[in-house]
1. For the stretch 9-18, indicate whether the set of residues that are of a type in the set (D, E, K, R), in a helix (DSSP H, G or I) and modelled with pLDDT under 75 is non-empty.
2. Which one is nearest to residue 322 (Cα to Cα) among residues in the stretch 222-256 that are more than 18 Å from the chain's Cα centre (by Cα) and part of a loop (DSSP other than H, G, I, E, B)?
3. Just one of the numbered conditions (1) in a loop (DSSP other than H, G, I, E, B); (2) under 17 Å from residue 213 (Cβ atoms); (3) in contact with a helix residue (DSSP H, G or I) (Cβ under 7 Å, 6 or more places away or on another chain) is not true of residue 109; which one?
4. Under 17 Å from the mean Cα position of the chain (by Cα) and over 28 Å from residue 95 (Cβ atoms): does that describe residue 378?
5. Looking only at the stretch 271-294, filter to residues that are at pLDDT 95 or above and part of a helix (DSSP H, G or I); which one of those is surrounded by the fewest Cβ atoms within 10 Å (Cβ to Cβ)?
6. Within the stretch 146-159, how many residues turn out to be part of a loop (DSSP other than H, G, I, E, B) and farther than 26 Å from residue 43 by Cα?
7. Surrounded by 14 or more Cβ atoms within 10 Å (Cβ to Cβ), over 21 Å from residue 246 (Cβ atoms) and in the same structural domain as residue 125 (by TED's automatic domain parsing): which single residue out of 298, 302, 338 fits that description?
Amino acid sequence: MKRAIVNYFKGLFLTLLVIATIVIIYAYSENAAVHYGDNPIGMQWDKEGPYVFFEDEDSISVNYIHGHWDEGLHSEKMQVSLAESPTLSTFFPLDKSEFSFQLKSEFTPPPTNYNDGNKILAISDIESGYKAFRDLLISHSVIDNQLNWKFGQNHLVLVGDFVDRGKSTTQVLWFIYKLEQDAKRHGGVVHFIIGNHEIKNMQGDFKAASPKYYYLAAVLEKAQIELFGHNSFLGRWIASKNTMEVINGHLFVHGGIHPDLAESQLTLESANQLIRDNYRRPYYPGQAEGDKKILLSPSSGPSWYRGYFKEDLTQKAVEQGLAKFGAEAVVVGHTLQPQINRQFQGKVIAIDVAHPNDYNLYWPARESQALLIDGDQYFRLLEDGSQEAI
């Protein structure tokens with residue numbers, strides 16, 4: 001009897017061990033991680049902001065949040081003229097750092113094609129992780145420790161999904177805005193390519209957003225969608241951006257190019273314009289037809305498509321999509337990878353990796369990566385400042 005009980009528990013243990021091993025292998029293959037802790041500093045919202053809204057075309061209100069979650073929060077509102085190009089600052093509570101930037105009343109869509117032969121550094125899917133984003137740029141000398149631009153006339157390409165999931169959305173967006181202004185003064189370019197989560201925020205889909213922004217919107221006496229609405233400074237700025245750009249022969253798009261686009265009559269400019277015109281209009285099946293349906297669909301649209309990794313595409317289908325927009329290769333985020341890699345004979349470069357979160361801890365620990373394109377050479381940039389050829 002005793003031996004039978006021992007054998008039963010041995011068998012149970014081995015069964016559980018096999019199941020656990022299968023789960024771990026599957027989780028690793030899917031880049032899963034265990035979330036095991038939150039830093040309470042993430043709930044310290046004093047000096048949060050700024051939240052900037054248009055009162056009219058020349059006047060803006062600048063709002064900061066003050067106080068503490070457990071003692072009460074209130075907003076401080078200042079009305080200023082945008083014509084004066086006011087200088088504002090953003091506070092990051094994790095390390096009590098700040099950075100400043102100057103507001104400009106420019107919301108002109110950027111070009112869709114660049115051909116200058118300069119270097120390109122690309123990052124995607126930061127997901128509101130300000131510290132990981134900032135520190136990776138410092139490690140690879142895009143900026144210095146004082147956040148000054150050091151990347152000369154080169155390109156920094158942000159391939160979508162820089163919002164949601166974390167508590168530093170405001171810090172990340174103003175940081176991109178600052179980088180954009182700083183790079184321009186030195187002849188460089190920051191490209192903010194819109195991902196599906198930026199679109200979700202413009203359309204009022206906040207399922208993936210931190211609850212922090214629901215509460216802060218309430219303190220500002222706003223609905224959450226107004227944080228990225230037409231009267232929001234950040235909302236107008238984001239809505240002016242492209243979903244696809246070709247830079248030195250490389251197409252940058254958050255999700256990818258559906259093969260049916262190769263048969264369309266769309267140009268890169270007209271495709272971007274059509275999508276821009278619909279950023280704030282939630283898509284519903286049957287609402288659009290033809291090229292418009294392909295571009296705006298949350299399955300086939302450029303900011304949403306996962307076909308390079310989830311469909312049985314041929315090399316020819318991939319290359320036809322690239323030829324449509326005059327590109328040699330496509331750089332995409334959106335679909336998580338174990339590390340930055342090249343697929344389809346180097347025609348698809350996948351750069352979505354799991355970056356560290358500012359206030360949440362994970363096991364295995366997350367480590368940031370970025371892509372560097374220097375002529376015809378490709379490098380995986382690691383968090384410690386080193387690089388690997390790919």
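The values are calculated or read from the model by the stated rules, or taken from the named source; none is laboratory data. This structure is a prediction, so every number in the text was calculated from the model and none was measured. Neighbour counts are summed over all protein chains in view; Cβ atoms, including those assigned to glycine, are modelled from backbone coordinates with ideal geometry.
1. Yes, the conditions are met somewhere in the stretch 9-18.
2. 249
3. Every listed condition holds for residue 109 apart from (2).
4. no
5. Out of the qualifying residues, it is 277.
6. Here the count works out to 6.
7. So the residue among 298, 302, 338 that is surrounded by 14 or more Cβ atoms within 10 Å (Cβ to Cβ), over 21 Å from residue 246 (Cβ atoms) and in the same structural domain as residue 125 (by TED's automatic domain parsing) is 298.
This table checks each residue for (1) over 17 Å from residue 124 (Cα atoms); (2) without any contact (Cβ under 8 Å) to a residue 12 or more places away in the chain; (3) in contact with a strand residue (DSSP E or B) (Cβ under 6 Å, 6 or more places away or on another chain).
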| site | (1), (2), (3) |
| --- | --- |
| 341 | no, no, yes |
| 348 | no, no, yes |
| 354 | no, no, no |
| 358 | no, no, no |
| 363 | yes, no, yes |
| 371 | no, no, yes |
| 376 | yes, yes, no |
| 381 | no, no, yes |
| 386 | yes, yes, no |
